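Only one structure is covered here, and it is reproduced in the block below.
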Amino acid sequence: MFDPTLHHLIANTIRGLAMDAVQKAESGHPGMPMGMADAAVVLWTQFLKHNPADPTWPDRDRFVLSAGHGSLLLYSLLYLTGYDLTLEDIHNFRQWHSKTPGHPENFLTPGVETTTGPLGQGISNAVGMAIAERWLAAQFNRPGFDIINHHTYVIASDGDLMEGVSHEVSALAGHLGLGKLIVLYDDNHITIDGSTELSFSEDVLARYEAYHWHTQRVDGHNPAAVATALRAAVNETERPSLIACRTHIGYGSPHKQDTAKAHGEPLGQDEVRLTKERLGWPVEPPFYVPPEVLETMRRLGAAGGDHQADWQALFTRYAEVYPELAATFQQAIQGELPAGWEAHFPTFDSKPLATRAASGAVLNAIVPHLPSLLGGSADLTGSNNTLPKGVSYLRRGDFSGRYLHFGIREHGMGGILNGLARHGGVRPYGGTFLVFSDYMRPTIRLAAMMGLPVIYVFTHDSIGLGEDGPTHQPVEHLMSLRAIPRLVVFRPADAWETAAGWRVALARRDGPTALVLTRQKLPVLAPGQVGNVTDGRVERAMRGAYVLRDENEPQAILIGTGSEVHLALAAQELLAAQSIPARVVSMPSWELFEQQPAAYRESVLPSNVTARVSIEAGVRLGWERYVGQNGISLGLERFGASAPYETLYREFGLTAEALAAAGLASLQRTRLK
């Protein structure tokens with residue numbers, strides 16, 4: 001039993017730091033850290049297995065503050081236990097270049113497992129982390145060698161459990177029986193607008209019981225009760241656990257406890273003074289940390305080194321008995337791929353092939369050679385071609401497979417993919433239709449922000465999917481995704497470019513990649529020579545754009561992506577029949593092309609050739625950067641329609657004839673100038 005007096009001191013230290021930091025910054029959320037301090041101290045002093053000296057050791061427990069607005073709760077705990085965070089950093093809360101931003105950012109603050117703030121995302125990532133723990137244990141643990149054996153703990157708010165994404169992931173977590181996932185629910189009955197009674201009257205515990213979770217309800221300000229509930233949750237190995245901690249937001253504040261005023265604004269100097277007096281806490285100095293609190297917490301943090309030392313000794317013995325497994329494990333944890341992995345990519349003949357089918361062929365070929373690759377689909381497995389041959393799926397009690405059935409939960413899938421990537425040891429991919437990337441956009445944005453190497457397999461990429469009609473035909477989605485910083489969007493023109501896209505995605509370690517693939521079959525161009533260009537297409541496609549077919553002294557440039565590249569090749573022939581030499585450029589990825597040296601970009605799109613036409617079966621917005629003032633962009637400025645795709649391309653003017661005519665018009669513009 002942890003000393004109650006010492007517990008009280010630590011909890012009030014956190015409350016004091018939260019009040020003072022928010023007051024100094026003149027912005028922030030003091031109420032949640034003040035309310036959840038008791039429960040968090042129980043978790044961090046009695047249960048959490050971690051080592052501040054090495055925040056990334058593989059078998060640490062994961063702690064996710066899904067209620068990221070309460071970031072000072074986490075920052076205080078990190079500082080007190082000895083992570084690379086100082087009291088000065090707490091002083092600099094929400095300031096420029098601070099290690100304590102308004103919401104936790106994994107790329108800024110040591111010890112922060114994942115970026116949170118948008119509600120529902122943290123608990124979603126945590127489900128991914130818990131899946132990763134179970135999956136890695138199934139792949140690598142051997143009798144007597146549980147090298148992966150840890151828990152994922154979450155603090156979530158009312159807002160987290162209102163957001164739809166938390167429903168999606170919680171249902172899947174219960175379905176899979178993630179017994180090492182434990183959520184402390186900050187049941188404080190307050191949101192920004194006021195009491196949760198305004199919009200939230202469901203029985204949360206009953207809902208989670210229906211999800212097949214283990215549930216408990218405790219007084220969140222009773223440390224002994226919280227500890228008892230956590231022990232019961234740890235002992236429950238077949239179901240994830242939700243502990244509803246009834247707390248008081250802004251605990252101790254005479255006038256703002258249990259009000260929305262404590263949620264998202266400073267208490268005010270007078271209220272800070274009154275609160276400290278009520279808590280029996282020194283009013284001065286601000287940011288006060290009793291020496292015995294710091295000594296105790298640093299000692300507890302240092303004890304994490306013993307946990308890691310025990311694990312390292314176990315792993316050393318494991319490596320002696322299972323050297324190949326140990327090497328594979330270390331490689332996976334470090335995010336590295338096996339030597340020579342590129343050699344296992346398939347080859348393609350000239351038979352027309354949808355790029356989604358080519359992607360499936362790539363997966364079939366490489367999955368046996370990439371042990372860290374784990375993926376799935378949001379109930380579109382057969383359409384996305386995301387299930388490799390001979391691979392089984394993860395299910396309750398059996399995580400030995402390599403495939404995840406996410407169900408019809410695109411948003412949840414995105415959050416889980418981020419959690420898999422943040423856990424480490426897993427290279428995740430997930431599939432759905434491109435149009436449904438809208439459901440995933442918040443999680444894609446966060447993957448890009450965190451620099452996570454998540455791979456998205458987006459099929460049915462345009463009006464080319466045909467008869468399903470405008471609800472399923474993406475029009476604005478390519479441009480929408482291209483607007484996300486650090487996301488690489490790759491829309492290949494054929495099977496060989498699809499292989500290039502997978503090579504790019506797997507090689508990346510600093511951000512996500514979206515592979516955008518066709519439903520309809522496309523011609524397969526030669527892997528090397530096309531026209532008078534002879535070097536390897538796969539390697540050139542990996543540069544984002546390249547000259548696919550050229551003519552001497554081209555007067556016009558035709559730029560295409562995906563299925564429309566083949567229209568550009570046909571249009572080039574039409575122009576050649578009129579004695580107008582044109583260059584065809586395939587541009588599968590704007591982002592990769594922009595990363596190339598200026599000299600390379602000039603060699604592909606020479607500035608002296610200003611007659612340019614782009615063609616893409618989507619909105620034209622953005623193409624002006626490549627076609628310039630004299631150029632013309634062919635695309636769509638409306639939603640699609642239900643008809644065979646050949647009819648749609650013809651009716652919407654996306655034809656070789658229209659492209660050739662646009663080339664002539666662009667050339668005429670240059671001559672008039």
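The values are calculated or read from the model by the stated rules, or taken from the named source; none is laboratory data. Predicted model only: the values in this text are computed from it and were never measured. No Cβ is skipped: glycine too gets one built from the backbone with ideal geometry, and neighbour counts run over all protein chains shown. Side chains are part of the model used for accessible areas, which takes the heavy atoms of the whole protein and leaves out ligands, DNA and RNA. Shrake-Rupley method; radii C 1.70, N 1.55, O 1.52, S 1.80 Å.
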**OP:** Please give the calculated 222 nm ellipticity per residue for the chain, where each DSSP H segment of at least 4 residues contributes -39500 (n - 2.57) and the sum is spread over every residue; nearest 500 deg cm²/dmol?
**Re:** -13000 deg cm²/dmol
Original post:
In the neighborhood of residue 448, defined by Cβ-to-Cβ distances under 14 Å, what is the net charge if each Lys or Arg adds +1 and each Asp or Glu adds -1?
Top reply: +4
Subject >> Normalised contact order of the chain, rounded percent, pairs of Cα under 8 Å and 6 or more residues apart >> reply: 12
Original post:
What's the angle, to the nearest 10 degrees (0 to 90), between helix 71-81's Cα axis and the longest principal axis of the chain?
Top reply: 60
Original post:
Could you give the dipole magnitude of the chain about its Cα centre, charging the beta-carbon of Lys and Arg +1 and that of Asp and Glu -1, in debye to the nearest 20?
Top reply: 1240
Original post:
Shape of segment 1-115 from its Cα gyration tensor (a ≥ b ≥ c, root eigenvalues): rounded if a/c is under 1.5, otherwise prolate when a/b > b/c, or oblate?
Top reply: oblate
Original post:
With a sphere of radius 15 Å drawn around the Cβ of residue 400, what net charge do the other residues whose Cβ falls strictly inside it have (Lys, Arg +1; Asp, Glu -1)?
Top reply: +3
Original post:
If you put +1 on each Lys and Arg Cβ and -1 on each Asp and Glu Cβ, how big is the dipole of segment 577-658 around its Cα centre, in Debye rounded to 20?
Top reply: 140
Original post:
Considering only protein heavy atoms, what per residue accessible area in square angstrom results for segment 335-479 with a 1.4 angstrom probe?
Top reply: 33
Original post:
Roughly how many Å is it from the Cα centre of segment 224-284 to that of segment 374-402, as a whole number?
Top reply: 42
Original post:
Given 240, 283, 305, which one lies farthest toward the positive end of the charge dipole of segment 232-312, if we put +1 on the Cβ of every Lys and Arg and -1 on the Cβ of every Asp and Glu?
Top reply: 283
Subject >> Within the chain, longest stretch clear of exposed chymotrypsin sites (Phe, Trp or Tyr not before Pro) (DSSP loop, no more than 11 other Cβ within 10 Å) >> reply: 108-673
Subject >> Low-density loop positions, trypsin sites (Lys or Arg not before Pro), segment 603-672 - DSSP coil, at most 16 other Cβ in 10 Å >> reply: 638
Original post:
On the accessible surface of the chain, probed at 1.4 Å, how many percent belong to carbon and sulfur atoms?
Top reply: 51
Subject >> Lys/Arg +1, Asp/Glu -1 at C-beta; the chain dipole; positive extreme among 118, 382, 593 >> reply: 593
Subject >> Cα coordinate range in segment 490-613, projected on the principal axes (Å, largest first) >> reply: 45, 34, 23
Original post:
If one computes the Cα centroid of segment 544-568 and of segment 1-70, what distance in Å separates the two points?
Top reply: 57
Original post:
What is the set of long-range amide H partners of residue 377 at a cut-off below 5 Å, with H atoms built 1.01 Å from backbone N?
Top reply: 404, 406, 431
Original post:
Which of 212, 668, 9 sits farthest toward the positive end of the charge dipole of the chain, with +1 on the Cβ of Lys and Arg and -1 on the Cβ of Asp and Glu?
Top reply: 668
Original post:
Relative contact order (percent) for segment 66-217, with alpha-carbon contacts under 8 angstrom and 6 or more residues of separation?
Top reply: 20
Subject >> Between 0 and 90°, nearest 10: helix 121-140 axis offset from the chain longest Cα axis >> reply: 80
**OP:** Just need the Rg to Rh number for the chain, please, alpha carbons only, Kirkwood Rh.
**Re:** 1.04
**OP:** Could you please state, rounded to a whole Å, how far the C-alpha centre of segment 457-536 is from the C-alpha centre of segment 157-190?
**Re:** 35
Original post:
At q = 0.16, 0.22, 0.23 Å⁻¹, what base-10 log of I(q)/I(0) does the Debye formula yield for segment 61-161 when every alpha carbon is treated as an equal point scatterer in vacuo?
Top reply: -0.71, -1.06, -1.11
Subject >> Percentage relative contact order, segment 414-529, counting C-alpha pairs under 8 Å, at least six apart >> reply: 30
